[in-house]
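Notes follow the structure.
Taken together, the values in this text are just the output of simple stated rules run on the coordinates, not laboratory data. From a predicted model like this one, the values you see are computed outputs, not experimental measurements. Note that each Cβ is placed from the backbone with ideal geometry, even for glycine, and that neighbours are counted across all protein chains shown.
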Amino acid sequence: MKVAPSMLSCDFSKMGFETERITKAGADFLHLDVMDGHFVPNITIGPSIIASIRPYSKLPFDVHLMIDEPLRYAEAFAKAGADYITFHVEASSDIDETIDKIRSLGVKPGIVLKPKTPAEAAFPYLDRVDMVLVMTVEPGFGGQSFMEDMMPKVRSLRKEIDRRRLETLIEADGGISAKTIAACSEAGVDVVVSGTGVFKAEDPADAIRLLKSY
């Protein structure tokens, strides 16, 4: 299991320090949630913040765009230092065009499914993306409870990816901690996003080690 701590749960007044701290704790990716206050009812960070913390870690930056027009802003996030850019199939930008744009920028594209969006919505794009992110909470705010009923969706994706012999990663995001990691592992998740489960832990390194052990 790979672990991508979500910076949404860090101390925003010390983002450089927090980036270094979580990198040293053994994270595999750094997950950055971008919200526009329109696609989801919250506003978080933009390209300038991502660019400002990029020097503090060599980890892959996994940038999750919860915005309505990912195509319009993909280049800005690529220039800021994103290694992966995932965007919602429910957003208004053309999916194929957005995938092509992200790839052309030298960044790995991924697509995201909200809880009510079925696994099959991702099937046409599985061979064109590097990651499929399954939301295990409603996107917009951290600290929500894990939705275990999303695991059949993960299993469907795992089955289809394996059937096609693809290397597309399955990522899960929302409410993931030591109490919920087993369900993710059993369903076939490759990468878990954990915010409060890591950043609010007494020892983030121990929390990451535990998640990786599944």
For the chain, what does -39500 (n - 2.57) per DSSP helix run (n ≥ 4), summed and divided by total residues, give at 222 nm, in deg cm²/dmol to the nearest 500? -9500 deg cm²/dmol
Would you tally the net charge around D62, using a Cβ to Cβ cut-off of less than 15 Å, leaving D62 out, and scoring K and R as +1, D and E as -1? -3
The stretch 92-159: chymotrypsin sites (Phe, Trp or Tyr not before Pro) in DSSP loop, at most 15 other beta carbons within 10 Å: F141
The exposure ranking of I161, I49, fewest beta-carbon neighbours within 10 Å first, is I49, I161
Projecting the Cα atoms of G188, V132, F39 onto the charge dipole of the chain, where Lys and Arg contribute +1 and Asp and Glu -1 at Cβ, the residue farthest towards the positive end is G188
I want the local charge near H31. Using Cβ-Cβ distances under 9 Å, sum +1 for each Lys or Arg and -1 for each Asp or Glu among the other residues. -4
Among beta bridges assigned by DSSP with both residues in the chain, the antiparallel ones amount in percent, to the nearest 5, to 5
For H31, H38, which order do you get if you count the other beta carbons within 10 Å of each Cβ and list the fewest first? H38, H31
Please report the spacing between the Cα centers of the stretch 70-120 and the stretch 165-214 in Å, no decimals. 22
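For the chain, please report how many Lys pairs fall under 14 Å Cα to Cα, leaving out neighbours fewer than 8 apart on the same chain.
So the count of such lysine pairs works out to 7.
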Long-range amide H partners of V112, meaning residues 5 or more apart or on another chain whose placed amide H is closer than 5 Å, are F87, H88, V89, L133
Order of L71, L211, L166 under a 10 Å beta carbon neighbour criterion, fewest first: L166, L71, L211
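Name the GluC sites (Glu not before Pro) in the stretch 156-192 that are in a loop by DSSP and that have at most 13 other C-beta atoms within 10 Å, would you? Provide the component values of the computation, followed by the final result.
Working: sites: E160, E167, E171, E186; in loops: E167.
Here the sparse-neighbourhood loop sites are E167.
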